């Protein structure tokens, strides 16, 4: 992508003193939704945010799919999995809907839209549950300093 992606929109800052922040989503309709009411930050901690334009992403996917078809090569999608639990499935969904736009989307638009809505709800619920689980002291287990390896010596096929 040449623009509208996470890389081009990232903004970060280092907080000089301990504080707390609130994470909000400003909707296109002007409505603000609080995603997380309070997050504590320590002095010197870095906080950042980034956005991606769905319109730019979909245009990019369309260009790449058309290019692959024109060249007669396989179109393959690889998404970075590190810390992208929420965005990767959404980005994948955009790719699928662009890929099948001329085949399935028109015929099954209502079903696909409902599936997207349900996926987004599940992702946010899962993310919230993960945060709550991490806050509980019992969820943080101390690791022994040395432990015998339980891994197989065989290389994983994955």
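Readers should treat all values here as calculations from the given coordinates under stated rules, not as data from a laboratory. Remember, predicted model here, so these are calculated numbers, not experimental data. Backbone-built Cβ (ideal geometry, glycine too); neighbour counts: all protein chains shown.
Among 61, 7, 99, sorting on how many other beta-carbon atoms sit within 10 Å of each Cβ, with the fewest leading, yields 7, 99, 61. Here residue 124 and residue 68 are evaluated by their C-beta separation; at R0 = 30 Å the FRET efficiency comes out at 0.40.
Computed over the Cα atoms of region 1-90, the ratio of the radius of gyration to the Kirkwood radius (Rg/Rh) comes to 1.09.
Listed by Cβ neighbour count within 10 Å, with the fewest neighbours leading, 125, 58 appear as 125, 58.
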